[in-house]
Number of protein chains: 2
Amino acid sequence: MKVKPIVLKLGGSVITVKEKPFTPNKEAIRRLAKEIKKAEVKSLILIHGGGSFGHPLAKEYKIKEGYRDSSQIVGFSKTRQAMASLNKIVLDALIQEGIPAVAVQPSAFVVTNNGRIQHIETETILGLLKLGVVPVLYGDAVLDSALGFTILSGDQLTSKIALELDAEKIVVGVDVDGLYTADPKVNSSAHLIQCITFEELKRLQHKIGKAEVTDVTGGMLGKVLELIPAVAHGIRAIIVNASKPNNVYKALKGEEVTGTMIKASETVAKPN
Amino acid sequence: MKVKPIVLKLGGSVITVKEKPFTPNKEAIRRLAKEIKKAEVKSLILIHGGGSFGHPLAKEYKIKEGYRDSSQIVGFSKTRQAMASLNKIVLDALIQEGIPAVAVQPSAFVVTNNGRIQHIETETILGLLKLGVVPVLYGDAVLDSALGFTILSGDQLTSKIALELDAEKIVVGVDVDGLYTADPKVNSSAHLIQCITFEELKRLQHKIGKAEVTDVTGGMLGKVLELIPAVAHGIRAIIVNASKPNNVYKALKGEEVTGTMIKASETVAKPN
């Protein structure tokens with residue numbers, strides 16, 4: 001029987017120090033590497049965000065918005081290099097724990113169209129999984145056939161790869177406990193949504209409206225909406241607080257853990 | 001008119017300290033970054049070797065020979081990471097000089113068959129060149145459809161990319177003055193071949209015999225033979241000593257420089 005891979009996304013806010021540009025949270029990275037090692041997942045893909053490595057440069061040079069003039073080019077180059085630097089730190093920690101992980105640079109093989117992945121070549125990732133290697137991808141500054149270049153988020157990559165590889169599940173590690181009804185960092189009445197179906201999620205999206213998505217839930221709903229294609233396909237996703245010890249371990253093992261479970265609604269049959 | 005790219009290969013022996021594992025030759029890297037900057041090539045692709053970063057690990061774990069048992073997997077992971085580390089040092093130096101360079105990880109998009117590239121997707125490299133960015137590739141540990149994994153040399157990559165992109169020329173920077181009739185490091189009667197045609201090269205290959213290739217010319221003939229497909233296509237290649245200042249600059253600019261020029265013989269018409 002073919003082992004289905006688990007796709008683990010680690011948010012940039014977890015593995016970097018948000019307020020300090022280009023500062024990794026080495027303690028969190030080391031702890032998470034240990035949790036991943038301990039979980040002994042047979043087939044694992046890791047995808048991480050950019051946090052304080054990728055975001056400041058991407059913002060300064062408006063990389064997400066696409067090519068406007070040649071002054072952005074140096075920013076494109078620097079953003080790529082910053083992401084590669086963070087990736088190296090993550091890889092070093094994984095290898096230190098004895099995890100046979102290898103970097104797979106998204107920008108080397110993904111070209112988006114208006115910010116969206118049209119097609120992703122999975123031959124390399126599948127080949128690595130077959131060897132027992134953990135492919136590590138990340139949010140990256142990629143070429144875009146319409147915009148020249150843009151930012152490909154780790155969230156979009158997570159959903160697309162999980163879908164293409166028919167993943168067993170998606171684990172998303174962030175710096176909050178999951179999806180809240182409002183931003184828990186600013187609104188004390190916000191409460192954690194422990195389980196939400198694909199259909200409820202679509203209703204929530206409609207209710208909140210696209211424009212306010214980022215603010216209202218502290219940016220979480222935007223991340224969650226990226227997961228819809230994979231969830232609609234029948235892949236469960238769980239969002240946990242990766243800043244708290246053992247949550248990622250528990251989520252990988254399928255143990256009970258505080259977080260938000262997202263699944264296809266009862267009426268959507270899980271494909272074979 | 002479309003600008004044809006120049007493909008510059010920098011040998012691992014130039015950019016690392018050969019005898020010391022994982023030691024970059026930072027002075028050489030910085031100098032070469034300055035030479036590249038000064039040359040102001042309109043369309044440039046840089047490819048570098050592994051030197052003391054890639055080779056010791058690749059050798060220890062027999063990565064080139066392919067997958068034999070699971071004990072090699074950690075070596076595959078470490079070799080990849082070592083190459084990414086060297087690449088980061090090269091990129092940092094280029095960016096420091098204001099060159100908008102970006103890494104393009106070969107193993108993310110190339111799968112070889114018995115050690116040979118069957119097909120290379122050039123969309124990303126072309127897209128970067130169009131933006132005025134310098135793509136930087138390197139010898140890497142890649143997946144191989146027959147062997148499981150193997151080492152893809154920077155030399156093979158250089159030839160293949162030059163061919164696919166119909167390069168203006170190839171500049172190969174090594175730590176000797178060019179191709180010699182014997183190994184100049186051990187044989188005082190060895191003399192530099194200043195110009196060699198494709199046909200003479202094939203005769204030389206036949207005379208020396210494949211088995212002895214590496215030893216007889218100090219490893220240079222093996223590198224040169226990789227260039228044959230590109231040279232046969234009409235692309236000039238010049239081998240220069242990149243350990244000596246200004247040679248790479250001169251070769252990029254098309255100025256007179258000591259080295260070995262390799263070109264298609266007179267009877268081979270240069271394609272349009």
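The values are calculated or read from the model by the stated rules, or taken from the named source; none is laboratory data. Just so we're clear, the structure is a prediction, and the values are computed from it rather than from any experiment. Heads up, the Cβs are rebuilt from the backbone with ideal geometry, glycines too, and the neighbour counts pull from every protein chain shown. Just the protein is used for accessible areas: all its heavy atoms, side chains included, with ligands, DNA and RNA removed. Shrake-Rupley method; radii C 1.70, N 1.55, O 1.52, S 1.80 Å.
Listed values, structure above:
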quantity	calculated
For the range B:6-263: rounded, prolate or oblate by the Cα gyration tensor [a/c cutoff 1.5]	rounded
Taking chain B and dividing mean pair separation by its residue count, relative contact order in percent (alpha carbons under 8 Å, at least six apart)	21
Where B meets A: accessible area buried, both sides, 1.4 Å probe, Å²	2700
Cut-off under 5 Å, modelled amide H: who pairs with residue A:9 long-range	A:47, A:171, A:172, A:173
Residues of the range A:112-131 buried by at least 50 Å² on assembly (accessible area, 1.4 Å probe, chain alone as reference)	A:124, A:131
All aspartates and glutamates inside 14 Å of residue B:130 as judged from Cα atoms, apart from same-chain residues fewer than 8 positions distant	A:69, A:144
GluC sites (Glu not before Pro) restricted to the range A:1-89 and DSSP loop, no more than 10 other C-beta within 10 Å	A:19, A:40
Within the range A:1-153, percent of DSSP bridges classed antiparallel, to nearest 5	40
Part-to-part distance (alpha-carbon centres) for the range A:168-192 and the range B:54-90, which is given in Å	40
Tensor-based shape of the range A:1-126 (alpha-carbon gyration tensor, a/c under 1.5 rounded, otherwise prolate or oblate)	oblate
DSSP-defined beta bridges in the range A:6-263 - what % are antiparallel, rounded to 5	30
DSSP beta bridges in the protein assembly as shown [antiparallel fraction, %, rounded to 5]	30
For chain A, built as a Gaussian network whose Cα springs stay under 10 Å, the top-fluctuating residue of A:16, A:112, A:181	A:181
Candidates A:135, A:245, A:24, ranked by Gaussian network fluctuation over chain A, Cα under 10 Å, top entry	A:245
Exercise: per-residue mean of other protein chain Cβ atoms within 10 Å, A:79-89	3
Label-point separation in nm, residue A:119 to residue A:187, each point 7 Å along Cα→Cβ	4.2
Residue A:120 - accessible surface, heavy atoms, 1.4 Å probe, Å² rounded to 10	0
Other-copy label distances relative to residue A:18, 7 angstrom Cα-Cβ extension, nm	5.2
Under 20 Å from residue B:59, Cα to Cα: lysines that are on another chain or at least 8 residues apart	B:18, B:20, B:78, B:223
Of all accessible heavy-atom area on the range B:53-124, the percent that carbon and sulfur account for (1.4 Å)	48
Max mean-square fluctuation residue, GNM over chain A, Cα-Cα springs under 10 Å, options A:230, A:84, A:182	A:182
Mean accessible surface per residue for chain A, computed with a 1.4 Å probe while every protein chain stays in place, in Å²	43
